[in-house]
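The values are calculated or read from the model by the stated rules, or taken from the named source; none is laboratory data. What you are looking at is a predicted structure, and each value in this text was computed from that prediction instead of being measured. Because the Cβ atoms are built from the backbone with ideal geometry, glycine has one as well, and the counts that use them run over all protein chains shown. To get the accessible areas, we keep the full protein, side chains included, count just its heavy atoms, and leave off ligands, DNA and RNA. Shrake-Rupley method; radii C 1.70, N 1.55, O 1.52, S 1.80 Å.
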Amino acid sequence: MSNFITETTPNRPVYNDNDPQGDLSTLNLGPTHPATHGVFQNVLQMDGERIVSGVSTIGYIHRAFEKIAEHRPFYQITTLTDRMNYCSSPINNMGWHMTVEKLLGIEMPKRVDYLRVIVMELSRITDHLICNGILGVDTGAFSGFLYLMEEREHIYEIFEEICGARLTTNIGRIGGFERDFNDIAFAKIEKFLAKFPPVLKEFEALFNRNRIFIERTSGVGAVDPETALNYSWSGPILRATGVDYDVRANEPYSSYQDFDFEIPVGTTGDVYDRFILRNEEMWQSLRIIEQAMEKLKKEPKGIFHADVPEFYLPPKEKVYNNMEALIYHFKIVMGEVDTPKTEVYHAVEGGNGELGFYLVNDGGRTPYRLHFRRPSFINYQMYAPMSRGMLLSDAIINMSSLNIIAGELDA
Amino acid sequence: MANQEIKDKLIAKFGEQITAPSEPFGLLTFETSVNIISEVLTFLKSDTELKFNYLTDITAVHYPEKKDALGVVYHLHSLTNNVRIRVKVFIPTSNPAIPTATTLWEGANWMERETFDFFGINFVGHPNLVRILNVDNMTVFPMRREYQLEDPNRVDKKDYFFGR
């Protein structure tokens, strides 16, 4: 029983000798399995359809971002953060920009904060849309997923209008945005705010009181708050267990303190709770975006970055035509500007939980050390222990509702 | 709860063993020794006022020029008081051993495996200290400073070409 995976790996799970008659079978779920939505391998010991024990093997798309980051200037690290949680890249981008701004002590204008809040909440919606849509697919309901994908497409069109990219956005700069939102972008946001609520309502109507869905999800993967905290869970799955920890409320960044929103919490922490909670968070995100759009009307127009020429990359047309911009461009790119020799930890509420950046700076043009606290990595370690005793099909929907993103898991 | 209060409490309990306290960007940071790190973490977690019950992160930083070159960094969070704290322990590369935190938090398991994987820090007492992200037959610890990202003979990206 023990030699069921290849000899090359010391990750071979050590099972108790609980199978004297050889009834148990081994199932390699993954690395590329259509039901796991990403590169995840779980070696499961099965008793019929029930999981006896399992081991998660990760690292299939590890790209050594932390090492690469040590060799890149600050403004080039944004593209690395894109590729962590690619379902909500803008949150990662903004989190990184804010980390550097915290290090450099840059005070952002309110208008930039609100623009950032809009972008971050839109991407939180895309993140939750994917997760809940896929959860529907895994429980056998495909149509809800299609409705939601259309709305995600609309959000991606907004991102496209703001920064030109859709998935790996590289949105914004250190010190603000590279350009102001144009009128089309604002019009698209307004249109989305009007069109999205009925769709989300219809989606909820499809699932929330659906008997098949409730019986399939309720009670599956239930976690109590003590265990969740012990495993350092964060984000929607922690809140579904009843702990009201949300970085946006606990340590407001980017002027989240100006907004009126609620932190929904669940009670049992099962798959159904997580589903309902993510839907509720989307409603709250919509509320925040609406408020931000209102607040933007009171802010002076045309401000889209802080006045920090020594850190904010000037636009190219100015670099080519303007002496001062050329000098600053040169100084930023060549790393001529002194930065404080200190360390900073900054956390934002990503789609999956607390996304932290621990940056140790030695004053050079690259970070001395940069560590990403990746919520997917930390949330996923409970997956194998909590799968014990589950049916295989329950383990599949449990993984969907944890919303583990392979890029963030492996960094 | 103010940082000063936490610092006073720690110094009252551990005295000289709490060194180099600082507050970069309002986050209380201090160093302690590898001998008492378990007690410090246990105290921080179980003290009825501090309640640092949430382990945010474990990672390491390599300073090759220091005598104790490997710094293990713990980020803890007291959700009830909404305060964070950073604890550092420096250990030598020749014997990079430190007691595990998995006895306090289950969540420390993968964080310590990751730190072991990249820095080779031996978390004594860890239930399954094997590589997690890198390939299993790797022999080096790639996040240490001596391992180059690219061809070490390449000079076009050296700092002195950038005026430093």
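Per-residue Karplus couplings for the stretch B:18-35, computed as 6.51 cos²θ - 1.76 cosθ + 1.60 with θ equal to phi - 60°, are listed in order as 8, 10, 6, x, 8, 9, x, 6, x, 9, 4, 10, 8, 10, 8, 9, 5, 5 Hz, Gly and Pro entered as x. Placing dummy labels 7 Å off each Cα toward the beta-carbon, the span from B:L79 to A:D224 is 1.4 nm. Heavy atoms of the protein chains alone define the surface here; on that basis the stretch A:65-373 has 37 Å² accessible area per residue at 1.4 Å probe size. Averaged over residues, the count of other Cβ atoms within 10 Å places the peptides B:99-108, B:14-23, A:139-148 in the sequence B:99-108, A:139-148, B:14-23, highest first.
Burial here means at least 50 square angstrom less accessible surface with every protein chain in place than with the chain by itself, probed at 1.4 Å; in the stretch A:349-376 the buried residues are A:Y358, A:R365, A:Y368, A:R369, A:H371. Out of B:W105, B:N153, A:W96, whose Cα points farthest toward the positive end of the dipole of the protein assembly as shown (charges: +1 Lys, Arg; -1 Asp, Glu; placed on Cβ)? So the residue we want is B:N153.
Counts of other chain beta carbons within 10 angstrom of each beta carbon in peptide A:57-65 average 3. Think of chain A as having a plus end and a minus end, set by charges on the Cβ of Lys, Arg, Asp and Glu; of A:M334, A:G105, A:T241, A:M334 sits farthest toward the positive end of this dipole. Straight-line reach from A:K201: taking Cα to Cα under 15 Å and skipping same-chain neighbours fewer than 8 places apart, the aspartates and glutamates in range are A:E150, A:E151, A:E280, A:E281. Put the Cα centre of the stretch A:336-402 next to the Cα centre of the stretch A:147-220 and the gap is 23 Å.
Each helix, a run of at least 4 DSSP H residues, gives -39500 (n - 2.57); summed and divided by the residues of chain B, these come to -6500 deg cm²/dmol at 222 nm. Distances between placed amide hydrogens fall under 5 Å for A:V52 paired with A:Q45, A:M46, A:D47, A:G389, all partners being 5 or more residues away or on another chain.
Residues of the stretch B:39-64 that bury at least 20 Å² of accessible area once all protein chains are present, compared with their chain alone (1.4 Å probe, heavy atoms only, ligands and nucleic acids left out), are B:N53, B:Y54, B:T56, B:D57, B:T59, B:V61, B:Y63. Applying 1/(1 + (r/R0)^6) with r as the Cβ-Cβ distance of A:K318 and B:A20 and R0 = 60 angstrom yields a FRET efficiency of 0.85.
A crude spin-label estimate for the pair B:T139 and B:S94, with each label 7 Å from Cα along the Cβ direction, gives 2.3 nm. Among the listed pairs A:K102/B:K45; B:K45/B:K88; B:K7/B:K45; B:K51/B:K88; A:K188/A:K295; A:K110/A:K301, those with a Cα-Cα distance over 22 Å are A:K102/B:K45. When only the Cβ of Lys, Arg, Asp and Glu is charged (+1, +1, -1, -1), the dipole of the stretch B:3-162 relative to its Cα centre reaches about 80 debye. For A:V39, the residues 5 or more places off, or on other chains, whose built amide H falls under 5 Å of its own are A:A406.
Let me confirm one metric for peptide B:129-135, namely the mean number of other chain beta-carbon atoms within 10 Å of its residues' beta-carbons.
5
For chain A, a crude dipole built from +1 on the beta carbon of Lys and Arg and -1 on the beta carbon of Asp and Glu, taken about the Cα centre, is about 680 debye to the nearest 20. Using a 1.4 angstrom probe on protein heavy atoms only, the contact between B and A buries about 4500 square angstrom of accessible area, both sides summed. Descending by average beta-carbon neighbour count within 10 Å, the peptides A:183-194, A:293-304, B:84-95, A:256-267 line up as B:84-95, A:256-267, A:183-194, A:293-304, the highest first.
Could you please state how large a percent of the accessible area of the protein assembly as shown is carbon and sulfur, counting protein chains only and using a 1.4 Å probe?
52
Principal-axis analysis of the Cα atoms of chain A puts helix A:110-138 at an angle of about 20° to the longest axis. Relative to the longest principal axis of chain B, what angle (0 to 90°, nearest 10) does the C-alpha long axis of helix B:3-14 take? Helix B:3-14 sits at roughly 90 degrees to that axis.
Solvent-accessible area per residue for the stretch B:38-164 at a 1.4 Å probe radius, Å²?
Averaged over the residues of the stretch B:38-164, the accessible area is 42 Å².
The label point for A:R179 and the one for A:V199, both projected 7 Å from the Cα toward the Cβ, are 2.5 nm apart. Protein-only accessible surface at a 1.4 angstrom probe places the residues A:I91, A:I276, A:I106 in the order A:I276, A:I106, A:I91, largest first. With a 10 Å cut-off around each Cβ of A:227-239, the average count of Cβ atoms from other chains is 3.
Can you give me the Rg/Rh ratio for chain A, using Cα atoms for both radii and the Kirkwood formula for Rh?
1.00
For B:Y54, the residues whose amide H sits under 5 Å from its own are B:H77, B:L79, ignoring neighbours fewer than 5 places away on the same chain, with H placed 1.01 Å from N.
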